[in-house]
């Protein structure tokens, strides 16, 4: 079969919603027995005890095996602040290359300083198997995927376009939730506005898959929408909202938000491609909690 362009294929997408972190992990594939990619996986983490579990990741593994899929890629849209990545665990059990946008190096530099990480911690992205450049294309079996740089929430955010589906990461949420915060280190509301317009300039029928859902008013969890629906109805970035209006709204809103529950452990681990910090002399790995730093 011929390889299809990023715009015309209609891949199959399976979403796994993690209630503990409001995160959606995706498996994108071309039918049973095909190659696949896993996006934005979750390692369960209890902040009270510091214990990890693999319940969420095991659901993904069970699906991949049931569909007889071949994992070629384990993709991250960015270094998440609200959950730990299960990428190493998935790679151990299913194979595949762990990949992220090449601007992750900027995030690593910032957080190496904030957490005063060990001198051996590299800030070159080498913890990941592949660093993608903006507009780079790659294959998921017969599907062609394209990397779209969409900074603003973090400097390293990317979206992945696979056929008529785009996995938008934390650029935007469902229309009744809006857009991502921009007050993390390296975030910028003006930059995020430009990134949302980049996504919303795609064909109206393009399917958009959210990385999170925080459903208001008791509506059921939902994580798929379209460019047309976002342009018409997104409460923060619909077509009637100007850049200046967005920046003003986002800045005021961000000033009222608490830090995510898991930001301190999550960022330390996710900038290592999901690996735990090096074990200390007693055989235990530790994450740091900087006092009065964030």
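As a length-normalised measure over Cα pairs under 8 Å and 6 or more apart, the relative contact order of the chain settles at 18 percent.
Between the alpha-carbon centres of the range 42-74 and the range 233-259 there is a gap of 33 Å.
How far is the Cα center of the range 215-229 from the Cα center of the range 16-40, in Å? Answer, in whole Å: 18. Distance distribution P(r), the chain, all Cα-Cα pairs, bin width 10 angstrom from 0: 6, 29, 38, 22, 5, 0 percent. In the range 102-222 the Cα-Cα distances spread across 5 Å bins starting at 0 as 2, 10, 17, 20, 18, 15, 10, 5, 2, 0 percent of all pairs. Both numbers refer to the Cα atoms of the range 216-294; Rg and Dmax are 19.3, 58 Å. Write down the percent of antiparallel bridges among all DSSP beta bridges whose residues are both part of the range 1-105, to the nearest 5. Beta bridges within the range 1-105, antiparallel portion: roughly 65 percent. Extension gain for residue 126 to residue 53 (0.36 nm times residue separation, less C-alpha to C-alpha distance): 23.7 nm. Neighbour counts of C-beta atoms inside 10 Å place 275, 258 in the sequence 258, 275, starting with the fewest. From Cα pairs below 8 angstrom and at least 6 apart in sequence, can you work out the relative contact order of the range 35-76, rounded to a whole percent? It comes to 58 percent, rounded to a whole number. Taking only the alpha carbons of the range 230-271, we obtain Rg and Dmax values of 14.6, 39 Å in that order. Building the convex hull from the alpha-carbon atoms of the range 5-157 and averaging its projection over directions returns 9.6 nm². Can you tell me how the range 90-169 classifies by the Cα gyration tensor, rounded, prolate or oblate, using a/c under 1.5 as the rounded cut? In terms of gyration-tensor shape, oblate. Each peptide among 118-124, 142-148, 183-189 gets the average number of other Cβ atoms lying within 10 Å of its residues, and from highest to lowest they stand as 142-148, 183-189, 118-124. Under the shape rule built on the C-alpha gyration tensor, where the axes satisfy a ≥ b ≥ c, the range 46-134 is oblate, since a/c reaches at least 1.5 while a/b does not exceed b/c. Tell me, how many Å apart are the Cα centres for the range 127-195 and for the range 264-294? Value for the Cα centre distance between the two parts: 25 Å. Relative contact order for the range 212-294: 13 percent, from Cα pairs under 8 Å spaced at least 6 residues apart, divided by residue count. Would you work out if the range 155-269 is rounded, prolate or oblate? Take a ≥ b ≥ c from the square roots of the eigenvalues of the alpha-carbon gyration tensor; rounded if a/c is under 1.5, else prolate when a/b is larger than b/c, oblate otherwise. Note, shape of the range 155-269 comes out rounded. Antiparallel beta bridges, as assigned by DSSP with both residues in the chain, represent about 70 percent of the total such bridges.
Panel order for 286, 45, by other beta carbons found within 10 Å of each beta carbon, from fewest to most: 286, 45.
Calculated mean residue ellipticity, 222 nm, the chain: -7000 deg cm²/dmol, from DSSP H runs (n ≥ 4) at -39500 (n - 2.57) each, averaged per residue and rounded to 500. Enumerate the residues in the range 155-196 having an amide nitrogen under 15 Å from the point lying 7 Å beyond the Cα of residue 243 toward its Cβ. Correct set: 188-196.
Pairwise alpha-carbon distances in the range 12-77 exceed 17 Å for 39% of all pairs.
Since every read-out is calculated from the coordinates, none of them should be taken as a lab result. Fair warning: this is a prediction, and the values are worked out from it, not measured in the lab. A quick note on method: Cβ atoms are made from the backbone with ideal geometry, for glycine too, and the neighbour counts reach across all protein chains shown.
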